[in-house]
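The values are calculated or read from the model by the stated rules, or taken from the named source; none is laboratory data. Not measured: the values here are computed from a predicted model. Cβ placement follows ideal geometry from the backbone for every residue including glycine, while neighbour counts extend to all protein chains displayed. Only protein heavy atoms, including side chains, enter the accessible area calculation; ligands, DNA and RNA are left aside. Shrake-Rupley method; radii C 1.70, N 1.55, O 1.52, S 1.80 Å.
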Amino acid sequence: MNRRNFIIKSGLSSSIFSIVPSSVLGFNGVSPNNKIQIGFIGAGRQGRGLMKNFTEYNECQIIAISDVDSQKVDFFSEEFENKILKDNEKKVYIKKFEFYREMLQNTSVDAVVIATPDHWHAQMSVDSAKYGKDIYCEKPLSSTISEGRAMVNSARKYKVVYQTGSMQRSWKHFRHAVELIQNGYIGEIKEVNVAIGDPHKQCDLPSLKAPDHLNWNEWIGPVPYRGYHPDLACLLEDKRWGQWRNYKPFGGGMITDFGAHMFDIVQWALEMDNSGPKLFVPPKKNATLGLSYYYDNEVKVNHIKWGKGNNEIQFIGSEGKLEVSRRYLKTSPDKSLKDLIIPKNATKRVYQSDNHHLDWLNSIKNRTRPICDVEIGHRTASVCNICNIAYDLQRDLEWDAKKEIFVGDESANLLIDRPYRGNWNLSLIHI
């Protein structure tokens, strides 16, 4: 795409050099100093953790941070500068922005890391793609199915490299589990049990006065307005993870928060990365467990509490069981490690990544798709979001994964998208 067409298609009126990213000017996604220049959107706990990881890589350089909480921006900057000073013994500064779109206009930024509450992921991703920025976005990819498709479409249209932060795909024993399953080590898969916690719930928190350092209107952003509560936007001194993740429309409960990890491994193992289930069957009463969904090959996946805790997957095959979590990988009947080694000539091998962040950085340099490309993230998020819809409606839902609609259920189809506030969705409409 030449520069003139980029300006026309982006629909932006600023001068060329204020908005065109380095990739469009001929740097192919990498800055002239051969380091990928990264801007962070989100200075909270997850953003700061990712920042500390990315400072370890010679392939990139963090140059900017944006957040609507000025206190968190300052703390992010301080932690970043201290980390760089400790490693390099020289002072390095970072550019600070309150509004992420101002950061996107900075032509020095080649790529962005989005680590915000879920309800902002789609808008920020589409805007970033329009500016030609490669994207690493935290999981779950999207809050609705329509948003996820818009994110895929924008990434493809503007040819950006997009990594979804479902990092378990870059963990060795999850990859090992997937290869064992795909190569028939426990026979034909019949059923899968997944323990991940509860669906989303309505937000019933009281409205309080927002602190002066937080732009609450911008934190709410595209979703219908409601008042501030510190559980939604945890203060810097609060060591909890943001509780926004439990409440719609900000998050999807543990169904999306950990479903984006565990349902993702199920999708991967069953080779459904470009598709999804065909039928969702929730309990016919108000419940937070007990939903099942089915694929075309009749494999049944159950959202139940089956093991000793949450965030565990149990694959049941015709010749045994395989159980995997972040803590273990085991089979039943028990097999020795030697028996579980995948031979080099195995029929099926999956994408090899041992570092989710480096995989993205290398994909940017090579202009290839990373291990958890935007389409993969969208398909997993769709499974999660449909589970929440099914729990809300308490009725069976037939899903057409190709058309991405519910079959014969117009009221359910209304929930494929969500209400947006004012003109916030213009960037999603005009991709």
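Here is a check on your reading of the model: is ILE376 modelled with pLDDT of 95 or more, under 22 Å from the mean Cα position of the chain (by Cα), among the β-branched types (Val, Ile, Thr) and open to solvent by 10 Å² or more (accessible area, probe 1.4 Å)?
Criteria met by ILE376.
Being assigned to a loop (DSSP other than H, G, I, E, B) and basic (Lys, Arg) is the filter; apply it to the stretch 315-333 and report the residue that is nearest to the chain's Cα centre (by Cα).
ARG326
Please note which helices (runs of 4 or more DSSP H) are completely contained in the stretch 54-170 and include at least 3 residues that are touching a Leu at 6+ places or on another chain (Cβ under 7 Å) and open to solvent by less than 20 Å² (accessible area, probe 1.4 Å).
Here the list reads 121-130, 145-157.
Since TYR228 meets every condition but one in (1) touching a Leu at 6+ places or on another chain (Cβ under 6 Å); (2) under 30 Å from SER292 (Cβ atoms); (3) not acidic (Asp, Glu), which condition does it not meet?
With respect to (1) touching a Leu at 6+ places or on another chain (Cβ under 6 Å); (2) under 30 Å from SER292 (Cβ atoms); (3) not acidic (Asp, Glu), TYR228 is out only on (2).
Residue by residue, here is whether (1) open to solvent by 40 Å² or more (accessible area, probe 1.4 Å); (2) charged (D, E, K, R); (3) on the phi > 0 side of the Ramachandran plot; (4) without any contact (Cβ under 8 Å) to a residue 40 or more places away in the chain holds:
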residue: TYR228; (1), (2), (3), (4): no, no, no, yes
residue: ASP231; (1), (2), (3), (4): no, yes, no, yes
residue: GLU237; (1), (2), (3), (4): yes, yes, no, yes
residue: TRP241; (1), (2), (3), (4): yes, no, no, no
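Looking only at the stretch 273-314, how many residues end up being in contact with a Leu (Cβ under 6 Å, 6 or more places away or on another chain) and either among the aromatic types (Phe, Trp, Tyr) or part of a strand (DSSP E or B) (or both)?
3
How many residues does the stretch 399-431 contain that are modelled with pLDDT under 95 and outside any loop (DSSP other than H, G, I, E, B)?
Residues meeting the conditions: 4.
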